[in-house]
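Comments concern the structure below.
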Amino acid sequence: DLWVHESGGGSDPRHLPLGIGGDEHATAWPIDTVLVFETGGDLFVVNPFADTPTARAYVEAEYGESGFDLDPTGRFAAYRTDEYDQWDVFVRDFPTPLGKWRISSDGGDEPRWSADGQALYYLRDPGTVVRHELEVDAGVTALGSEVVWRVTNGTRDWDFDPNSGRGVMAASVGEDGGEVDRSLWIVVNWFEELKRLTGGGE
């Protein structure tokens, strides 16, 4: 469940009993009265200070949405959705999703806005970060894209600082720090092999 607490302390945490079910993960709090959270593969918004907080879906759809990030102006939200049978990055107006613009077409995950709001960074696949230039005015137009970062054995665990342009990503490595051995080993008569390795005990 979601709880709200003053960052400086001084009051008891406030529980938000929303009754949606599942784990609720807060993802953004752009203004006092709009808290964005994710649960069950969908995005919701709620006013945490309402007398009776009531959550509503950010996007009313049968497909899933997650990976929310808000642009520097607070006008547009980027997120990933599987509307077209794969995860791709979309942008919509915020807090009411009026317009709808597809940014990636060959896969996209975990979007992050640039500091000027004129580009989106996202994962095209584990370990590969793409920068997609945008034209932003009353709406959003996707322009060209380029791979700006590729990490060997990179994962989907990453983050990006739009101000410095620096990012961090987890990578899978072997015990010696090298590449992970991704070989598949098949052991035939494994019980006999187990007895041999343990000294032949019963």
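I'd like to know how the range 1-121 sits against the 2.2 N^0.38 Å rule of thumb: what's its Cα Rg over that expected value?
On the way: Rg = 15.0 Å, N = 121, 2.2 N^0.38 = 13.6 Å.
Ratio of Cα Rg to 2.2 N^0.38 Å: 1.10.
So which trypsin sites (Lys or Arg not before Pro) in the range 47-85 pass both tests, a DSSP loop state and at most 16 other Cβ atoms within 10 Å of the Cβ? Provide the component values of the computation, followed by the final result.
Numbers: sites: Arg56, Arg75, Arg80; in loops: Arg75.
The qualifying sites are Arg75.
Is it possible to state the helix-based mean residue ellipticity at 222 nm for the chain, with each DSSP H run of 4+ residues giving -39500 (n - 2.57), the sum divided by total residues, to the nearest 500 deg cm²/dmol? What is it? All intermediate terms of the calculation are to be shown ahead of the outcome.
Details: 1 runs with 8 residues, N = 202.
Calculated from helices alone, the mean residue ellipticity at 222 nm is -1000 deg cm²/dmol.
Tell me, what HN-Hα J-couplings in whole Hz come from the Karplus equation 6.51 cos²θ - 1.76 cosθ + 1.60 at θ = phi - 60° for each residue of the range 91-101, using x for Gly and Pro?
Those phi angles translate into 10, 9, 4, 9, x, 9, x, 6, x, 8, 10 Hz.
Tell me, what is the per residue accessible area of the chain in Å², probe radius 1.4 Å?
Details: 12120 Å² over 202 residues.
Dividing the accessible area of the chain by its residue count gives 60 Å².
Could you give the length gained by full extension between Thr141 and Ala50, i.e. 0.36 nm per residue of separation minus their alpha carbon distance, to one decimal place? Write out the running numbers ahead of the final one.
On the way: separation 91, 0.36 × 91 = 32.76 nm, distance 3.59 nm.
Difference between extended and current length: 29.2 nm.
How much length is gained on full extension from Leu98 to Leu197, taking 0.36 nm per residue of separation minus their Cα-Cα distance? Mind showing how you got there, number by number?
On the way: separation 99, 0.36 × 99 = 35.64 nm, distance 6.46 nm.
In short, 29.2 nm is gained.
Between Val151, Tyr122, Pro162, whose Cα lies farthest towards the positive end of the dipole of the range 95-173 when Lys and Arg beta carbons carry +1 and Asp and Glu beta carbons carry -1, centred on the Cα centre?
Val151
Go through the range 14-24 residue by residue and turn each phi into a ³J(HN,Hα) via Karplus (6.51, -1.76, 1.60, θ = phi - 60°); whole Hz please, and just put x for glycine and proline.
Running phi through 6.51 cos²θ - 1.76 cosθ + 1.60 with θ = phi - 60° gives 9, 7, 9, x, 8, x, 7, x, x, 7, 9 Hz.
Quick one: length gained pulling Val188 to Asp157 fully straight, 0.36 nm per residue minus the C-alpha distance? List each step's numbers first, then the result.
Details: separation 31, 0.36 × 31 = 11.16 nm, distance 3.64 nm.
Between Val188 and Asp157, full extension yields 7.5 nm more.
Using just the C-alpha positions of the chain as equal point scatterers, what log10 of I(q)/I(0) does the Debye formula give at each q in 0.10, 0.17 1/Å?
Result of the Debye calculation: -0.56, -1.17.
Going by average Cβ density within 10 Å per residue, which order do the peptides 41-53, 87-99, 119-131, 157-169 take, highest to lowest?
Working: 41-53: 15.5, 87-99: 18.7, 119-131: 20.7, 157-169: 13.3.
Peptide ranking by packing, descending: 119-131, 87-99, 41-53, 157-169.
Counting only residues 5 or more places away or on other chains, whose amide H sits under 5 Å from the amide H of Ala28 once H atoms are built in the peptide plane?
Val36
Normalised by the residues of the chain, what does the relative contact order come to in percent, with Cα pairs under 8 Å and at least six apart? Don't jump to the answer; show the numbers that get you there.
Numbers: 396 pairs, mean separation 18.0, N = 202.
Answer for the chain is 9 percent.
The values are calculated or read from the model by the stated rules, or taken from the named source; none is laboratory data. Note that this is a predicted model, so its numbers are computed, not measured. So basically every Cβ, Gly included, is an ideal-geometry build from the backbone, and we count neighbours across all protein chains shown. When the accessible area is computed, the model is the full protein with side chains, heavy atoms only, and any ligands, DNA or RNA have been set aside. Shrake-Rupley method; radii C 1.70, N 1.55, O 1.52, S 1.80 Å.
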